[in-house]
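Data block below; observations after.
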Amino acid sequence: MTSDVLSLIQKNMDGFSKRQRAIANFILENYDKAAFMTASRLGKAINVSESTVVRFAAELGYEGYPEMQRALQELIRNKLTSIQRIEVSNDRLGSNDILSTVMQSDIEKIRMSLDTVDRESFRQAVDKIVKAKHIYVLGLRSSTALANFLGFYLNLLFENVILVHTTAVSEMFEQALRIGQGDLMIGISFPRYSSRTVKAMQFASDRGADVLAITDSEASPLYEIAHTSLLAKSDMMSFIDSLVAPLSLINALIVAIGREMNADLSKTFTELEKIWTEYGVYENASHKE
C-alpha cells in the first residue's frame, strides 16, 4: 500500500455503503484511538458488526483488518504527543491486568520482528560491523539505552568504537567530525523519531561512511538514509516506548558478531577475566556474610 490509510478512506468515500461510511468517518475523526482498537471494539463503537469492519478493510485493498490497523499505527505513532499516548493507552488497557497486557504485547512484538526481519540484511550488518575502520553508535532519547547497550558490548570486542554522547546537534557533528570512507554509523531510533539522529546519519552518509539503521519500519526516516536497515517492532505503552523487540534484535546482533570473531573473542574475555579477578570487579557471593 503506497497511500496512507486516511488518504485511501477519503479517496473512496463516495463509493462506501452507509455502514462503511460510518466506519470511515469514525476512523477519520478518531484515528488515534481507532488504530489500537480491535475490529470487534471498533464495530461496537459505531454499532456495526465485526465482519462489516473486516470487509471495510478489504474494500480499501488490505488483506485483512490487522494490516489496516498496522497501517494506521504506523501513520500516527510518530505524531502523538505524550498526552495523546496516555489517553490512547488508557483506552487500550481498560480494566485489563496491566502486567499481563504489557508483557503479552512485548511477546507479540518479538514474534512479529522474528517473522519480518530480513536475514540477508542481518548478515550484512554483522559483516559491516566486523570490517569497519571505526564504528559510531548513536541513539537518542529512549533509544539511548539501546545505543549504550550495543556500544558497551562492541567496545569489549573492538578498539574502534565511538559511542556518540550528545545534548546538541553541534556536538554530534563534532564527535563524528572524522567519519568517512570505511567507517560505519549505526543509528538507532524509534517513534517518536529523533530529528538529531536523522541529521547525524545524513551527515555520516554525506561524508562517505556506511550507514546502518536499527529502527521499526520502512516508513522510518532512518530507513531512507541507511544503506542497510534492521527492523524490529516497537510499541507505545502509555507515555513510554516499549523497546523489548529492538533489544532482542541487538542481542542477536552482538551474539552473531561474537561468533564471527570467535578466536579473538576468547582471547579478549580470557584477558578480561584476569583483570576482573585481580581488581575485584565482581563480588564473590561465597564471601558474603
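The values are calculated or read from the model by the stated rules, or taken from the named source; none is laboratory data. Note that the structure is predicted; figures quoted are calculated from it, not measured. Cβ coordinates were reconstructed from backbone atoms using ideal geometry, including for glycine residues, and neighbour counts include every protein chain displayed. Areas reflect the complete protein model, heavy atoms only, side chains present, ligands, DNA and RNA absent. Shrake-Rupley method; radii C 1.70, N 1.55, O 1.52, S 1.80 Å.
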Of [x] 21.1, 86; [y] 22.6, 77; [z] 31.7, 104, which one was derived for Rg and Dmax of the Cα atoms in Å from the structure shown?
[y]
I want the local charge near Leu157. Using Cβ-Cβ distances under 10 Å, sum +1 for each Lys or Arg and -1 for each Asp or Glu among the other residues.
-3
Largest first, how would Tyr193, Tyr65, Tyr279 line up by accessible area (1.4 Å probe)?
Tyr279, Tyr193, Tyr65
Rounded to the nearest 10 degrees, what's the angle between the helix 18-34 long axis and the longest principal axis of the chain, both from Cα atoms, 0 to 90?
30
Can you tell me the 0 to 90 degree angle between the C-alpha axis of helix 195-206 and the longest principal axis of the chain, rounded to 10?
60
Residue-normalised 222 nm signal for the chain, counting each DSSP H run of n ≥ 4 as -39,500 (n - 2.57), nearest 500 deg cm²/dmol, is -18500 deg cm²/dmol
The chain accessible area per residue, 1.4 Å probe, protein heavy atoms, integer Å², reads 55
Within the chain, percent of DSSP bridges classed antiparallel, to nearest 5
15
Which whole-Hz couplings ³J(HN,Hα) result when phi for each residue of the range 172-182 is put into the Karplus expression 6.51 cos²θ - 1.76 cosθ + 1.60, θ = phi - 60°, listed in order with x for Gly and Pro?
4, 5, 5, 6, 9, 4, 9, 5, x, 3, x
Distance between the range 162-202 and the range 133-160 - C-alpha centres, whole angstrom
11
Please determine, in degrees from 0 to 90 and to the nearest 10, the orientation of helix 119-131 with respect to the longest principal axis defined by the Cα atoms of the chain, where the helix direction is its Cα long axis.
30
Residues whose placed amide H lies under 5 Å from that of Met185, excluding near-sequence neighbours
Tyr136, Asp210, Val211, Leu212
